[in-house]
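Working notes, structure below.
The values are calculated or read from the model by the stated rules, or taken from the named source; none is laboratory data. Note that the structure is a prediction, hence the values are computed from the model and not measured. Cβ sites come from the backbone with ideal geometry, for glycine too, and all protein chains shown count toward neighbours.
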Amino acid sequence: MHDGAVTENTQYLTFTLAEELFALDIGKVREVLDYTTVTRVPGTPEFMRGVINLRGSVVPVVDIRLKFGMPASEAGVNSCIIIVEVAVDGDNTVLGALSDAVQEVLELEPGRIEPPPRIGTRLNIEFLRGMGKRDEDLIMILDFDKVFSIGELTVARDMAGEPGG
């Protein structure tokens with residue numbers, strides 16, 4: 001992985017949280033599920049909503065809105081769980097991320113992506129890979145490997161019963 005600017009066209013899955021537009025590199029996304037019942041696991045951080053059964057595998061589900069200091073999400077008709085793969089200490093962990101609605105997959109050229117702003121966003125900018133521009137819309141491109149700390153992702157991995165690395 002590199003920390004430099006994006007230098008080639010990349011496809012992103014766009015989704016909304018509290019009416020703000022976010023994007024994830026499509027390479028991190030395994031699938032998108034309709035919202036389903038999430039089983040709460042006692043003693044986990046509030047943003048760890050619980051676990052789901054995905055074809056026999058236990059997958060932890062996180063509420064990104066809570067992680068970003070937004071109000072908790074309420075499941076609606078468009079709510080989805082985005083199944084993503086994140087790196088934890090060199091190992092990949094699968095988790096579900098709640099979103100208000102998934103929008104589309106779009107391709108952004110490097111010239112349409114700027115570095116994250118230093119002000120004017122509710123997010124800690126280390127989570128942001130950049131700000132994408134499409135027409136009048138600004139899209140916050142997340143670096144999902146940096147959204148959660150190693151400790152938080154270790155909790156998620158443990159919830160899923162995956163071996164540590």
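For the range 14-28, a residue qualifies if it is surrounded by fewer than 17 Cβ atoms within 10 Å (Cβ to Cβ) and touching a strand residue (DSSP E or B) at 6+ places or on another chain (Cβ under 9 Å), and the qualifying residues are 16, 21, 26, 27. Taking the criterion of being surrounded by 11 or more Cβ atoms within 10 Å (Cβ to Cβ) and either acidic (Asp, Glu) or farther than 19 Å from residue 152 by Cα (or both), the residues of the range 74-92 that qualify are 75, 78, 79, 80, 85, 89, 91.
Within the range 140-158, being out of contact with any helix residue (DSSP H, G or I) (no Cβ under 8 Å at 6 or more places or on another chain) and either part of a loop (DSSP other than H, G, I, E, B) or not charged (D, E, K, R) (or both) holds for 140, 141, 149, 150, 151, 153, 154, 155, 156. Residue check: is residue 50 touching a residue at least 12 places away in the same chain (Cβ under 8 Å), surrounded by fewer than 20 Cβ atoms within 10 Å (Cβ to Cβ) and of a type outside the set (A, V, I, L, M, F, W, C)? So residue 50 fits the description; yes. Considering only residues that are surrounded by fewer than 18 Cβ atoms within 10 Å (Cβ to Cβ) and either under 12 Å from the mean Cα position of the chain (by Cα) or within 16 Å of residue 86 (Cβ to Cβ) (or both), which ones fall in the range 125-142? Answer for the range 125-142, where residues must be surrounded by fewer than 18 Cβ atoms within 10 Å (Cβ to Cβ) and either under 12 Å from the mean Cα position of the chain (by Cα) or within 16 Å of residue 86 (Cβ to Cβ) (or both): just 126. Pairing residues of the range 149-160 that are at pLDDT 75 or above with residues that are assigned to a helix (DSSP H, G or I), at Cβ distances under 9 Å and at least 6 apart in sequence or on separate chains, gives 152/67; 153/145. Summed over the range 90-116, residues that are part of a strand (DSSP E or B) and either within 15 Å of residue 22 (Cα to Cα) or without any contact (Cβ under 8 Å) to a residue 40 or more places away in the chain (or both) total 14. Against the list (1) within 14 Å of residue 140 (Cβ to Cβ); (2) touching a Leu at 6+ places or on another chain (Cβ under 8 Å), the condition residue 112 fails is (2).
When the residues of the range 1-13 are filtered to those that are at pLDDT below 90 and hydrophobic (A, V, I, L, M, F, W, C), the one that is surrounded by the most Cβ atoms within 10 Å (Cβ to Cβ) is 6. In the set 84, 77, 88, 102, only one residue is touching a helix residue (DSSP H, G or I) at 6+ places or on another chain (Cβ under 7 Å), β-branched (Val, Ile, Thr) and under 30 Å from residue 135 (Cβ atoms); that residue is 84.
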